[in-house]
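The values are calculated or read from the model by the stated rules, or taken from the named source; none is laboratory data. All values derive from a computational prediction rather than experimental measurement. Heads up, the Cβs are rebuilt from the backbone with ideal geometry, glycines too, and the neighbour counts pull from every protein chain shown. Note: accessible area is taken over every heavy atom of the protein model, side chains too, but ligands, DNA and RNA are not part of it. Shrake-Rupley method; radii C 1.70, N 1.55, O 1.52, S 1.80 Å.
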Amino acid sequence: MDNFKKPDSSLWQGRKSNANLYLHEKVICVDTLKQETTKTFAILSYACDEGVKRNQGRVGAVTGPEAIVRQLAKMPNHLKKDTQLLDVGTVFCTDNDMEQAQQTLANTVTILLKNNTFPIVLGGGHDIAYGHYNGILNAVEKHKTIGIINFDAHFDLRANTNGNNSGTPFYQIAEDCKTNNIPFNYLCLGIRDDANDASLFKIAKELKVTVIKNEDFNLHQSIKIQEQISAFIANVDVVYTTVDLDGFSSAYAAGVSAASPMGFSPDIALQCLQTIIKSGKLISLDIAEMNPKYDLDNQTAKLAASLVHTLIHTT
């Protein structure tokens, strides 16, 4: 594939223990995907912010995956000896062809899932979601329903009348679901009134999107939130989770394409992620909109890496 490159082992650097105490010592960079027989996580990068550019956002997320990997590499390894952590390479966008990048992403995710591997996709703009979802759709049995859980300030339900971008992925998925007569199951956590116009709320209502707005997305409402998440998960067979870092307050995540101080905090996001993981239905996750160009002391990259660290040590 012209828009796929092998993993860069030089990104995986950190303190040396010679005892696999750190993830850079645990990770295996692989060129060929194969059927796995043990618990396996695969880091797959999506180096593309063409969708952000088309959506008139701040570009720079193309280098987001590399920034996250550099921070993840330094973190301690508490994985069981027989649990594998792989870096399988990077999908990138050539000649502004975001759609081709999404297709390559979808194909790779499908292969990973069929090989008994849990994909962790690092972006990159939130157009990552359309490719990632299609990879899941092609991998799971046709009778199984997919639930999408999105941590985000935005619905990303903009109509793609004028083309696809980072604001259209879930609208595209919904349209595909309608065409193929399959359910569109979509839960949004952290939606803000100041980040979505009235037409987007109207579309979300028409599509029967489950919404927990940002003013209710906090630890004070924890019990109710966990109940809503659990109820959503109970009605689907498998779960795909996507985390848009611009949903977090810029106090925690300044390095994103659309930063705002009004977002949510890591504590409620981590608690919800734990609930999703414990359901046993989570099969794939991505992190979107990491933009190192605007990060402060790598704090956003560290936040993203910590989310991955939590995932691989809890799942």
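Descriptive notes on the structure:
- Equivalent-ellipsoid semi-axes for region 199-293 (Cα gyration tensor, √(5λ), whole Å, largest first): 22, 16, 15.
- Inter-label distance for residue 202 and residue 63, nm, one decimal - labels placed 7 Å from Cα along Cα-to-Cβ: 4.1
- In terms of its alpha-carbon gyration tensor, region 50-102 comes out prolate; a/c meets the 1.5 threshold, and the first ratio a/b outweighs b/c.
- Rolling a 1.4 angstrom probe over the chain with all protein chains present gives an accessible area of which 48% lies on carbon and sulfur atoms.
- Rg and Dmax of the chain, Cα atoms only, in Å: 17.9, 56
- Solvent-accessible surface ranking, highest first, for 294, 130 at 1.4 angstrom: 294, 130
- Using just its DSSP H runs of length 4 or more, each adding -39500 (n - 2.57), the chain gives a mean residue ellipticity at 222 nm of -10500 deg cm²/dmol after division by all residues.
- Cubic angstrom per residue, convex hull over Cα atoms of region 90-156: 100
- Most simply put, the chain has about 10% antiparallel DSSP beta bridges, counting only bridges with both residues inside it.
- Entry note, region 106-189: relative contact order of 32 percent, from Cα contacts under 8 Å with a spacing of 6+ residues.
- If both residues of a DSSP beta bridge must be in region 145-303, then about 5% of such bridges are antiparallel.
- Relative contact order for region 200-303: 32 percent, from Cα pairs under 8 Å spaced at least 6 residues apart, divided by residue count.
- Label point distance in nm, residue 18-residue 222, each placed 7 Å from Cα along Cα→Cβ: 4.3
- Using C-alpha pairs under 8 Å with a sequence gap of at least 6, the mean separation divided by the residue count of the chain gives a relative contact order of 21 percent.
- Taking the convex hull of Cα positions in region 5-79, its mean projected area over all directions (nm²): 6.5
- Cα shape, region 8-134, gyration tensor, a/c 1.5 rule: oblate
- Gyration tensor (alpha-carbon) shape descriptor, region 159-239, a/c threshold 1.5: oblate
- Unpaired Cys in the chain, meaning no second Cys C-beta under 4.7 Å: 29, 177, 188, 272.
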